[in-house]
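Engineer: Have a look at the structure that comes next, please.
The values are calculated or read from the model by the stated rules, or taken from the named source; none is laboratory data. Predicted model, so just to flag it, every value in this text is computed and none were measured. Every residue, glycine among them, receives a Cβ derived from its backbone with ideal geometry; neighbour counts consider all protein chains shown.
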Amino acid sequence: MLTAKSLFQEIIDDDESFRLFCSIAASGESQGGWENARIAALVAPGMRELAPKITRHGADEDKHGRIFNALLKKRGLEPVPVPPETDYTMLLEQRGIGLAHDKLRREEPLTEADIVVYLAHSRVTEQRAADQMDMLVTYFGDHPELGRAIHMIDNDEANHLAYCHEELLRLAREGHGRLIQRTLRESALAEIQVYRDVSLAVMGHMGRILNWPRPKAAALAAGIRGMYAYERLAGWHKMVGLRMPERRDALGVPPPEAGGGPATPAPAY
Ligand SMILES: [Fe+2]
Ligand SMILES: [Fe+2]
């Protein structure tokens, strides 16, 4: 039977598909790292207190990129170029979601509205990241090669999501509520489309690498479209609500005795 678990198992077992999977993941994570580092550097003057958390967020994403590259190296594989149609971060940027890279390359400080938009966009994309990592932990949390990496990334993504909720609730109280609601809605509706398109593109590549028979590829594509239909109808609401998280100050710097510091190090990688 075709399940998410059997599908990922196949992708992980074959070097060529594993190589593409890790390359796409590493590239998305590093782009996230770069974006956050730039946002931290340009943070609106009135919001400087957020800078260390944004820096920490970026450092975590960079670390995830390094972890995926290390997984490749462990198998003696080199990363491959990421096909543009599978580049989730770039496609979102092209849809005008989040902050434009042009803006981040300049040396002008961002506005408070920019920071609100960045956080709302992150609340949506971190939800996706956290859900995907939860799925991987469920199926491969005990995997000898991947388990540790997956658990570590999963924990970080849950922190990122908690941080977005908490900061957005604070900014909503400070009067940014309408901008937050509008941006969350726009980001979520664009994200579910980009996610569908990227999923179809990734599975197209995987199908060619793994020689999937036509009916299998067709069933998968139908599954991805079905998931989009569900998300468009109802699922997207999950991406736009705000709730005070159980983990407070998830990206704050706890005292060193509590193991705090910038980005939890990943010694094994
Ligand atoms: Fe990440
Ligand atoms: Fe993240």
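Engineer: List pairs: first in region 229-253 and farther than 21 Å from Leu200 by Cα, second part of a loop (DSSP other than H, G, I, E, B) and of a type in the set (Gly, Ala, Ser), Cβ under 9 Å, 6+ apart or cross-chain?
Structural biologist: Going by the 9 Å Cβ cut-off, the qualifying pairs are Gly252/Gly260; Val253/Gly260; Val253/Gly261.
Engineer: Within region 112-130, count every residue that is among the hydroxyl-bearing types (Ser, Thr, Tyr) and more than 16 Å from Glu49 (Cβ to Cβ).
Structural biologist: Of the residues in region 112-130, 2 are among the hydroxyl-bearing types (Ser, Thr, Tyr) and more than 16 Å from Glu49 (Cβ to Cβ).
Engineer: Next question. So the check is Cβ under 7 Å with 6+ separation or different chains; which pairs have a first residue in region 10-39 that's under 17 Å from Leu136 (Cβ atoms) and acidic (Asp, Glu) and a second one that's part of a helix (DSSP H, G or I) and within 16 Å of ligand 2 (Cβ to nearest atom)?
Structural biologist: Hits for this filter: Glu29/Glu61; Glu29/His64; Glu29/Gly65; Glu29/Phe68.
Engineer: Touching a helix residue (DSSP H, G or I) at 6+ places or on another chain (Cβ under 8 Å) and among the hydroxyl-bearing types (Ser, Thr, Tyr) - does that describe any residue in region 100-115?
Structural biologist: no
Engineer: Which numbered condition in (1) under 26 Å from Thr3 (Cα atoms); (2) in contact with a Gly (Cβ under 8 Å, 6 or more places away or on another chain); (3) within 16 Å of ligand 2 (Cβ to nearest atom) is the only one that Leu92 fails?
Structural biologist: Only one criterion in (1) under 26 Å from Thr3 (Cα atoms); (2) in contact with a Gly (Cβ under 8 Å, 6 or more places away or on another chain); (3) within 16 Å of ligand 2 (Cβ to nearest atom) is unmet by Leu92, namely (1).
Engineer: Sticking with this one: Looking at Ala70, Ala129, Ala113, Ala100, can you tell me which residue is within 16 Å of ligand 2 (Cβ to nearest atom) and either hydrophobic (A, V, I, L, M, F, W, C) or within 26 Å of Ile150 (Cβ to Cβ) (or both)?
Structural biologist: Of the residues listed, the single one that is within 16 Å of ligand 2 (Cβ to nearest atom) and either hydrophobic (A, V, I, L, M, F, W, C) or within 26 Å of Ile150 (Cβ to Cβ) (or both) is Ala129.
Engineer: Considering only region 32-58, state which residues are within 15 Å of the chain's Cα centre (by Cα) and surrounded by fewer than 20 Cβ atoms within 10 Å (Cβ to Cβ).
Structural biologist: Answer for region 32-58, where residues must be within 15 Å of the chain's Cα centre (by Cα) and surrounded by fewer than 20 Cβ atoms within 10 Å (Cβ to Cβ): just Trp34.
Engineer: Got a sec? Which of Ala172, Ala188 is within 30 Å of Ala51 (Cβ to Cβ), at pLDDT 95 or above, away from ligand 1 (no atom under 16 Å from the Cβ) and under 16 Å from the mean Cα position of the chain (by Cα)?
Structural biologist: Every option except Ala188 fails the conditions.
Engineer: Only one of (1) within 24 Å of Leu7 (Cβ to Cβ); (2) within 16 Å of ligand 1 (Cβ to nearest atom); (3) in contact with an Asp or Glu (Cβ under 6 Å, 6 or more places away or on another chain) is not met by His160, so which one is it?
Structural biologist: Only one criterion is unmet by His160, namely (1).
Engineer: Is it the case that Asp156 is of a type in the set (D, E, K, R) and within 14 Å of the chain's Cα centre (by Cα)?
Structural biologist: yes
Engineer: Just wondering, is there one or more residues in region 39-56 that are among the charged types (D, E, K, R) and within 21 Å of Ile150 (Cα to Cα)?
Structural biologist: Among the residues of region 39-56, at least one is among the charged types (D, E, K, R) and within 21 Å of Ile150 (Cα to Cα), which makes the answer yes.
Engineer: Somewhere in region 61-70, is a residue in a loop (DSSP other than H, G, I, E, B) and either within 16 Å of ligand 1 (Cβ to nearest atom) or of a type in the set (Lys, Arg) (or both)?
Structural biologist: Within region 61-70, none of the residues are in a loop (DSSP other than H, G, I, E, B) and either within 16 Å of ligand 1 (Cβ to nearest atom) or of a type in the set (Lys, Arg) (or both).
Engineer: Sticking with this one: So, in region 114-133, of the ones that are touching a Leu at 6+ places or on another chain (Cβ under 9 Å) and among the polar types (S, T, N, Q), which residue ends up nearest to Gly46 (Cα to Cα)?
Structural biologist: Ser122
Engineer: From Val137, Val117, grab the single residue that is more than 11 Å from the chain's Cα centre (by Cα), without any contact (Cβ under 8 Å) to a residue 40 or more places away in the chain and within 22 Å of Tyr88 (Cα to Cα).
Structural biologist: Only one candidate qualifies: Val137.
Engineer: Hand me the list of helices (runs of 4 or more DSSP H) wholly inside region 99-206 holding 1 or more residues that are crowded, with 18+ Cβ neighbours inside 10 Å and of a type in the set (Gly, Ala, Ser).
Structural biologist: 112-140, 147-171
Engineer: Something else: Please find, among Leu77, Leu91, the residue that is over 26 Å from Glu49 (Cα atoms), assigned to a helix (DSSP H, G or I), away from ligand 1 (no atom under 16 Å from the Cβ) and at pLDDT 95 or above.
Structural biologist: On inspection, the qualifying residue turns out to be Leu91.
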